[in-house]
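The values are calculated or read from the model by the stated rules, or taken from the named source; none is laboratory data. If you're wondering where the values come from, they're calculated on a predicted model, not measured in any experiment. Because the Cβ atoms are built from the backbone with ideal geometry, glycine has one as well, and the counts that use them run over all protein chains shown. Keep in mind that these areas ignore ligands, DNA and RNA; they rest on the heavy atoms of the full protein, side chains included. Shrake-Rupley method; radii C 1.70, N 1.55, O 1.52, S 1.80 Å.
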Amino acid sequence: MQWQSLGFKTDPLSTDPIFIETLNLYTGHAKEIAICLNVLGDGNRRIVVEGARGVGTTSFSNYLRFSLQEKKLFFTPRNEIRVDAGWKIETLLSVIVANIIREAELFDSDQITKDERFQNAKALSARIAETYRSFGVDAFGVGFNYGKSAGVVTQPILIPAAVLGHHLEDLVSLIKSAGYKKGILIQLNNLDVGEIHDEMHLKYLFNALRDYSQTDGISWLFVGDLGLRKFIAQQVDRLDDIISFEVEIGALTKEEFRQLILKRVNFYRSNTKVELPIDMDVFLYLFDITKGRLRYIFGLLARLMASLSVGDLTDRVTLSIAKSMLIKLAKSRIERNDITPSEEGILRIVVQKDEFIITEVANEIGKSSQYIGKVLNKLVETKLINSRKNGKNKYYHPSLDAVIAYSEND
């Protein structure tokens, strides 16, 4: 989409989370922000941030980090660390050390980077990265992922966790000497139980991280899907005992969402005469159908606008235009998965249920739970249905494509 042709400096509908350059765009959750900033202000804190996927947990956490960095209370790497499936504690600590080193080299003073302790940590990080590359893995790359969610990459253990922990302590000392009063603030993302991480492995990782999370001068944000705090409380007693605070991020109100759209327009447009070529009714329709999940809203808008050329936008995208196009796009994506009529029938049923367990659908249509489970597993594999674990129960909910395609009467 050529947004410059429409009078915008860049894409005003970007799905990117809030960064330090766009802090003023953040909207909502004022009470939660105030509490978390107060908790973190004491230093050496651990906060769990959880919320439904796409609702804005990363932006919320970024806002906390960068706000505190502006006050020079904390040094924080620009990028959150997205913890991938199968990571060992040595992998995680290596990524944290590399993340701090990269940020300090790019944005901080020679006071830190010329110190022998920094140089030693940098040399170690370079050695680890080179070995990972020899294994065919993109160590310390963009987003700091070692593998793909579809599989787990085997990671070589080069340096014991205790040695990495000592380097982390050295870096904290250097950061504090540079004027960051409370030390370093680390954000760990992708802590989604069942969806990204196997329960047993995440339990291992949290237990292994527990002592390092108490390193003097480091505070932590643990960011994940709904149920993360419950998982820690039930499965990771050692970490549960030292969690300082937990916060659940919900959707914005509709009024806050309107304010967010207006902020984005004002921030990205080239002059005050420029307006988005999209009716507000379209935004509110997407707000309702996604339950306020911002990443999904802007992702759908990007898909919609990509299907239109600049020449098509002589007028505005109205709700009727948007609905018909999005339904057509959603049905087209569903058809690619080659599901049977009976499987499609079950998909239509579950769209009306929002979130459910297998027995609910089985009882409604008079089929066995085994049969329904088999169908749901296929629909999960094709990403037409999503699932999440909460305690002993596994909950399913329809994908956004399914909701858009089948919520309206044919």
Would region 385-398 turn up any residue that is open to solvent by less than 20 Å² (accessible area, probe 1.4 Å) and without any contact (Cβ under 8 Å) to a residue 40 or more places away in the chain?
-> yes
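Yes/no matrix, rows are residues, columns are (1) assigned to a loop (DSSP other than H, G, I, E, B); (2) under 22 Å from Thr15 (Cβ atoms); (3) touching a strand residue (DSSP E or B) at 6+ places or on another chain (Cβ under 9 Å); (4) open to solvent by 50 Å² or more (accessible area, probe 1.4 Å):
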position: Arg303; (1), (2), (3), (4): no, yes, no, yes
position: Ile321; (1), (2), (3), (4): no, yes, no, yes
position: Lys328; (1), (2), (3), (4): no, yes, no, yes
position: Asp338; (1), (2), (3), (4): yes, no, no, yes
position: Gly345; (1), (2), (3), (4): no, no, no, no
position: Lys353; (1), (2), (3), (4): yes, no, yes, yes
position: Thr359; (1), (2), (3), (4): no, no, no, yes
position: Ala362; (1), (2), (3), (4): no, no, no, no
position: Lys367; (1), (2), (3), (4): yes, no, no, yes
Subset of region 214-269 (residues that are open to solvent by 80 Å² or more (accessible area, probe 1.4 Å) and either assigned to a loop (DSSP other than H, G, I, E, B) or of a type in the set (Lys, Arg) (or both)) | Asp216, Lys230, Arg238, Asp241, Lys254, Arg258
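Within region 56-67, does at least one residue satisfy the condition of being in a loop (DSSP other than H, G, I, E, B) and of a type in the set (A, V, I, L, M, F, W, C)?
Of region 56-67, the ones in a loop (DSSP other than H, G, I, E, B) are 56.
Going one step further and asking which of them are of a type in the set (A, V, I, L, M, F, W, C), we end up with none.
There is no residue in region 56-67 that is in a loop (DSSP other than H, G, I, E, B) and of a type in the set (A, V, I, L, M, F, W, C).
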The number of residues in region 100-115 that are outside any helix (DSSP H, G or I) and acidic (Asp, Glu) is 2
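Does any residue of region 301-322 turn out to be under 22 Å from the mean Cα position of the chain (by Cα) and hydrophobic (A, V, I, L, M, F, W, C)?
Taking region 301-322 first, the residues under 22 Å from the mean Cα position of the chain (by Cα) are 301-303.
Restricting the remaining residues to those that are hydrophobic (A, V, I, L, M, F, W, C) gives 301-302.
Yes, region 301-322 has at least one match.
Among the residues of region 1-49, how many are among the polar types (S, T, N, Q), part of a loop (DSSP other than H, G, I, E, B) and buried (at least 18 other Cβ atoms within 10 Å of the Cβ)?
So in region 1-49, the residues among the polar types (S, T, N, Q) come out as 2, 4-5, 10, 14-15, 22, 24, 27, 38, 44.
Going one step further and asking which of them are part of a loop (DSSP other than H, G, I, E, B), we end up with 2, 10, 14-15, 27, 44.
Then keep just the ones that are buried (at least 18 other Cβ atoms within 10 Å of the Cβ); that gives 27.
Summing the residues that are among the polar types (S, T, N, Q), part of a loop (DSSP other than H, G, I, E, B) and buried (at least 18 other Cβ atoms within 10 Å of the Cβ) in region 1-49 gives 1.
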Out of all the residues in region 172-213, which are more than 20 Å from the chain's Cα centre (by Cα) and open to solvent by less than 10 Å² (accessible area, probe 1.4 Å)?
-> Val172, Leu174, Ile175, Gly183, Ile184, Leu209, Ser213
Does Phe118 count as assigned to a helix (DSSP H, G or I), closer than 29 Å to Ile196 by Cα and either open to solvent by less than 50 Å² (accessible area, probe 1.4 Å) or not polar (S, T, N, Q) (or both)?
-> no
